[in-house]
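Can you read through this structure? Questions will come right after.
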Amino acid sequence: MGADLGPAMAAQLAAGVRSRSPRTRDEAIEALVAVAGAVMSKKPRELNLSGNPACILFYGANGAGKTTTAGKVAFRLREQGRKPLIVAADTYRAAGIEQMVAWAERAEVPHFDGSSGADPASVVFDGVQMARKRGHDVVIADTAGRLQTQRNLLEELGKIGRVMSKALDDQPYESLLVLDAVLGLASLAQAREFNKSIPMTGLVLAKLDSSAKGGAAIAIEAELDVPVKLAGVGEAIEDLAQFDLGAFIRTIFN
Ligand SMILES: Nc1nc2c(ncn2[C@@H]2O[C@H](COP(=O)(O)OP(=O)(O)OP(=O)(O)O)[C@@H](O)[C@H]2O)c(=O)[nH]1
Ligand SMILES: [Mg+2]
């Protein structure tokens, strides 16, 4: 378990468990759930969809699972009776737009597409205007993959966030960093850097159906106080789970 958590967090959790003197394996796991839960974020894990329109912005490293998660969320919200609009703002690659459009079609959700090479912040701004005009109550925006070492792309993300806020007259929106659970502890450094560029309201742990268990999320939540809100548990459109803290911690340590 140390590999994903990092040595400091692993030692802290181990000490916390020892201080509770568990006598059985089950008691040890329950102690871990309590100790890990205590260091993780206490902020709500449900998406805040109260805005008009509510907006959800997805960003993160290349291949993390942004477009897939955006498609899954659009599908789920439409099934719940909302009227989402997908905004395809990965204008870096023609395929980036096409992939989002394919998911929009699968989800049977309308989409507003940026053109290849367009400024993604303008696409997001125009997308929010379009949503208002057409009576959509949720905007789901997908962005290009970027690494935490690419300063210019992080600055661009900061601008996307500022423009989103402006389009929403400073109403809050969901600003979600999508993390590939397979990345392990490397995602802590990633989350730190993204969090400096844009106010982050939540995390998505994609690919939790792989052998990866996402233990790094404990360290990220403890340090940044940003809760995991969604988990990706497969490649199909319904493979999206509400994040369950107790179940997550039990899976990690079982
Ligand atoms: N098993 C599994 N695969 C996933 C999950 N989420 C995404 N994937 C896969 O991960 C790959 C990348 O997913 P995308 O959604 O295209 O990732 P992205 O972050 O949009 O990638 P870029 O736009 O290229 O930066 C695809 O093969 C997806 O099927 C998940 O929860 N579980
Ligand atoms: Mg994508």
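The values are calculated or read from the model by the stated rules, or taken from the named source; none is laboratory data. Note that the structure is predicted; figures quoted are calculated from it, not measured. Heads up, the Cβs are rebuilt from the backbone with ideal geometry, glycines too, and the neighbour counts pull from every protein chain shown.
Only one residue in LEU179, LEU205 is free of Cβ contacts under 8 Å to residues at least 40 places away in the same chain and within 17 Å of TYR59 (Cβ to Cβ), so which one is that? Walk me through how you get there before you give the answer.
Working: LEU179 fails: free of Cβ contacts under 8 Å to residues at least 40 places away in the same chain.
Result: LEU205 is the single residue among LEU179, LEU205 that is free of Cβ contacts under 8 Å to residues at least 40 places away in the same chain and within 17 Å of TYR59 (Cβ to Cβ).
Let me ask something additional. Would you mind listing the helices (runs of 4 or more DSSP H) fully within region 146-254 where at least 2 residues are within 16 Å of ligand 1 (Cβ to nearest atom), modelled with pLDDT of 95 or more and not hydroxyl-bearing (Ser, Thr, Tyr)?
Values: elements: 151-167, 186-197, 216-224, 245-253.
It comes to 151-167, 186-197.
Still on this model: Within region 16-48, take every residue that is of a type in the set (Val, Ile, Thr) and over 28 Å from the mean Cα position of the chain (by Cα) and give me the one that is nearest to GLU174 (Cα to Cα). So that I can check it myself, show each step before the final result.
At the first step, the residues of region 16-48 found to be of a type in the set (Val, Ile, Thr) are 17, 24, 29, 33, 35, 39.
Subsequent filtering for residues that are over 28 Å from the mean Cα position of the chain (by Cα) retains 17, 24.
Working: VAL17: 34, THR24: 41 Å.
Taking the candidates together, the pick is VAL17.
What's the total number of residues in region 36-72 that are within 16 Å of ligand 2 (Cβ to nearest atom), under 26 Å from ALA189 (Cβ atoms) and crowded, with 17+ Cβ neighbours inside 10 Å?
The first filter runs over region 36-72 and keeps only residues within 16 Å of ligand 2 (Cβ to nearest atom), leaving 56-72.
Among the residues that remain, those that are also under 26 Å from ALA189 (Cβ atoms) are: 56-70.
Next cut, crowded, with 17+ Cβ neighbours inside 10 Å only: 56-61, 64-70.
So the answer is 13.
Check every one of the helices (runs of 4 or more DSSP H) wholly within region 46-142 and list those with 2 or more residues that are touching an Asp or Glu at 6+ places or on another chain (Cβ under 8 Å) and β-branched (Val, Ile, Thr). Lay out the reasoning, then the answer.
On the way: elements: 66-79, 94-107, 120-134.
Correct list: 66-79, 94-107.
So, in region 187-244, of the ones that are out of contact with any strand residue (DSSP E or B) (no Cβ under 8 Å at 6 or more places or on another chain) and of a type in the set (Lys, Arg), which residue ends up nearest to SER175 (Cα to Cα)?
For region 187-244, the residue satisfying everything is LYS196.
Follow-up. Can you go through ALA104, ALA191 and tell me which one is under 30 Å from PHE248 (Cα atoms), within 14 Å of ligand 2 (Cβ to nearest atom), without any contact (Cβ under 8 Å) to a residue 40 or more places away in the chain and in contact with a helix residue (DSSP H, G or I) (Cβ under 8 Å, 6 or more places away or on another chain)? Steps first, answer last, please.
Values: ALA191 fails: within 14 Å of ligand 2 (Cβ to nearest atom).
Going through ALA104, ALA191 in turn, the sole match is ALA104.
I would also like to ask the following. Out of ARG93, ARG82, report the one residue that is within 11 Å of ligand 1 (Cβ to nearest atom) and touching a residue at least 40 places away in the same chain (Cβ under 8 Å). If you could, list the steps in order and put the result at the bottom.
Values: ARG82 fails: within 11 Å of ligand 1 (Cβ to nearest atom).
The match here is ARG93.
Now for a different question. Kindly indicate whether ALA61 is within 16 Å of ligand 1 (Cβ to nearest atom), at pLDDT 95 or above, hydrophobic (A, V, I, L, M, F, W, C) and within 16 Å of the chain's Cα centre (by Cα). Lay out the reasoning, then the answer.
On the way: within 16 Å of ligand 1 (Cβ to nearest atom): yes; at pLDDT 95 or above: yes; hydrophobic (A, V, I, L, M, F, W, C): yes; within 16 Å of the chain's Cα centre (by Cα): yes.
Judged against the criteria, ALA61 is a match.
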